[in-house]
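Below is one structure, written out as structure tokens; comments come after it.
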Amino acid sequence: MNIPDIIIAVDGFSSTGKSSFAKMVAKEFSFLYLDSGAMYRGVTLFAMEQGWIAADGSIDEKSLEAALPSLELHFQRDDEKTKLYAGSRCIEEEIRTLEVSSHVSPVSAIAFVRRWVDERLHRFSEGGRVIMDGRDIGTTVFPNAELKIFMVADVDVRAQRRYDEMVAKGEMPTLEDVRKNLLERDYIDSHRETSPLRQAEDAYVMDNTHMSFHEELVWVLGVIQGKFGILEAPALTW
Ligand code: DC
């Protein structure tokens, strides 16, 4: 099925399966996948490594702002996967730890950090045919995206998914800590002053609490066919 060179914005709360969904769609339709959350995680890891995030969680914003222009983050395809690099160093694993997760929401609430990330996301997306996931893609980063999807799922299901993901990577969190971190991030992400997480008015809402990947793909195909008037029958690989 031929899909036009559009920008697809996928937003939603933490661990609603945005990145799995976006990666699957990117693979199926040969789109570029961009994970905007990874950029915020990359900035957070950088600030942590520089010692600019104190034990009480306070951030040395002055130092971060001064150093940000020289931080070089980019995505690179490795073994079929898109990974985040800081210069020549792959930081894909480090940015997914619970420690980074517990600091990333306050860092991503800083206005100059958001401007820095947005500017890079625009640069990476030149040419279109991009699917990007995050919290404010359809509202702030690409308010004119041709297709906007807002993902939601039950909080217990989300906590279990994130927990399983971390255990599979060898981490040993408790399910309760993971759930607590999710709820904290939900709150900060949707109550911050700059670009809070909210559903764009023209977004299609997907509740995937009880959906398989295949069902998600069938769902998005239905939306795309309806929205862009595509009559051709899709041949799915999933
Ligand atoms: O999707 P994620 O959990 O990897 O995102 C990490 C954090 O980054 C999340 O808590 C909120 C923030 N974020 C954001 O503020 N805006 C985005 N577009 C993407 C992520």
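Values in this text are rule-based calculations from the coordinates and carry no lab data. For clarity, every value in this text was computed on a predicted model and none was experimentally measured. When we count neighbours, we look across all protein chains shown, and the Cβ atoms used for this are built from the backbone with ideal geometry, even at glycine.
In this structure, the amide hydrogen of residue 207, modeled 1.01 Å from its nitrogen in the peptide plane, lies closer than 5 angstrom to those of 152, counting only residues at least 5 positions away or on a different chain.
Can you work out the FRET efficiency for the pair residue 77 and residue 55, with r the C-beta to C-beta distance and R0 = 41 Å, to the nearest 0.05? Efficiency computed from Cβ-Cβ geometry: 0.65. Of all DSSP bridge pairs formed entirely within the chain, close to 35 percent run antiparallel. Report, in whole Å, the centroid distance computed from the Cα atoms of the stretch 64-106 and the stretch 159-183. With the stretch 64-106 and the stretch 159-183 each reduced to a Cα centre, they are spaced 20 Å. Overall dimensions of the stretch 61-129, expressed as equivalent-ellipsoid semi-axes from the Cα gyration tensor (√(5λ), whole Å, largest first), are 21, 17, 12.
Counting only GluC sites (Glu not before Pro) that DSSP places in a loop and that have at most 12 other Cβ atoms within 10 Å, the longest clean stretch of the chain runs over 1-71. The residues packed around residue 31, meaning those with a beta-carbon under 11 Å from its beta-carbon, carry a net charge of +1 if Lys and Arg are +1 and Asp and Glu are -1.
The residue list 174, 57, 17 was ranked by how far each Cα lies along the charge dipole of the chain toward its positive end, using unit charges on Cβ atoms, and 17 comes out on top. Its Cα gyration tensor gives the stretch 1-153 an equivalent ellipsoid; the semi-axes, largest first and in whole Å, are 27, 16, 15. Listed from fewest to most Cβ neighbours within 10 Å, the set 24, 211 follows the order 211, 24. Between residue 144 and residue 98, the simple spin-label model (points 7 angstrom out along Cα→Cβ) gives 4.5 nm. For the cross-link pairs 81/169; 62/180; 148/227; 27/81; 18/148; 18/81, which exceed 19 Å when the distance is taken from alpha carbon to alpha carbon? Result: 62/180 exceed 19 Å. When the square roots of the Cα gyration tensor eigenvalues are ordered a ≥ b ≥ c, the ratio a/c for the stretch 149-237 is 1.5 or more and a/b does not exceed b/c, which makes its shape oblate. Less than 15 Å Cβ to Cβ from residue 48, Lys/Arg counted +1 and Asp/Glu -1: what total charge do the surrounding residues give? In short, -4. Selection among 109, 122, 157 by position relative to the dipole of the chain gives 122 as farthest towards the positive end (Cβ unit charges, Cα centre).
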